[in-house]
């Protein structure tokens, strides 16, 4: 299964959700790949703690080679690295993704990621793609390559208003480029059950018939420690409430 984690709003937890779901998949014995298409590289830092030393083992190198004709193009596997955890691999981000964006868009390389993931698909049971906070070339490439779209929602009124436009964008991609794409669910992040506004906003989504997934992910300072140590929650504190929420959420998607 190929999932894209997408929201045009920044700071909603895309990388946190991507990496923790992927780490759980791998811990459960599923061969798992994370593709980090955000030039900020938060998923890359979270899973590796550093940038890979090899100059070719990252997403920018993969896309760059699609701009050149070669009788023997590089395989996507050449741009993937191992993480410290068994069954979990990563195609890291790189800052030069920003520089390549205009060239890739003008040369219409929008299907290259889909073709590469289909080719490598039999190697992995789960593929998670982390995206930039914008509907740009990389996000469209990921939506075209994916089967399921996971949308983080951070219980903010601006997020609620933007959500409907986001859903329209996903449906447009589905209609024009990828009939296999569906919204797998909306993931409520940093939920505070005792606060009135988050409960109200989430209930409005449910009342509108939107696919809100349960459980909701709690707000916790433990996740900051997880980021700092570059250890997903399942490896940092398996018994923590937030870890158990991630595991339950992962199992809902299976």
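The values are calculated or read from the model by the stated rules, or taken from the named source; none is laboratory data. Quantities reported herein were computed from a predicted structural model and do not represent experimental measurements. Please note: Cβ atoms are built from the backbone with ideal geometry, for glycine as well, and neighbour counts cover all protein chains shown.
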Exercise for review: Hey, can you tell me all the residues within segment 94-113 that are modelled with pLDDT of 90 or more, assigned to a helix (DSSP H, G or I) and closer than 20 Å to residue 14 by Cβ?
Suggested key: 97, 98, 113
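Table: residues versus (1) within 29 Å of residue 26 (Cβ to Cβ); (2) within 18 Å of the chain's Cα centre (by Cα).
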residue: 175; (1), (2): no, no
residue: 180; (1), (2): yes, yes
residue: 200; (1), (2): no, no
residue: 219; (1), (2): yes, no
residue: 230; (1), (2): yes, yes
Review point. Conditions: (1) under 15 Å from residue 18 (Cβ atoms); (2) in contact (Cβ under 8 Å) with a residue 60 or more places away in the chain; (3) in contact with a helix residue (DSSP H, G or I) (Cβ under 8 Å, 6 or more places away or on another chain). Residue 110 meets all but one. Number of the miss?
Key: (1)
Revision key, fill the gap. Every listed condition ((1) farther than 23 Å from residue 135 by Cβ; (2) touching a helix residue (DSSP H, G or I) at 6+ places or on another chain (Cβ under 7 Å); (3) buried (at least 18 other Cβ atoms within 10 Å of the Cβ)) holds for residue 31 save (3)
Exercise for review: Give the residues of segment 218-252 that are at negative phi, out of contact with any strand residue (DSSP E or B) (no Cβ under 8 Å at 6 or more places or on another chain) and not in a helix (DSSP H, G or I), sorted by residue number.
Suggested key: 220, 221, 231, 232, 237, 238, 239, 240
Exercise for review: Would you mind finding the one in 147, 199, 190 that is touching a residue at least 12 places away in the same chain (Cβ under 8 Å) and over 26 Å from residue 104 (Cβ atoms)?
Suggested key: 190
Review point. Can you name the residue in segment 43-78 that is at pLDDT 95 or above and under 21 Å from residue 104 (Cβ atoms) and is also nearest to the chain's Cα centre (by Cα) among such residues?
Key: 43
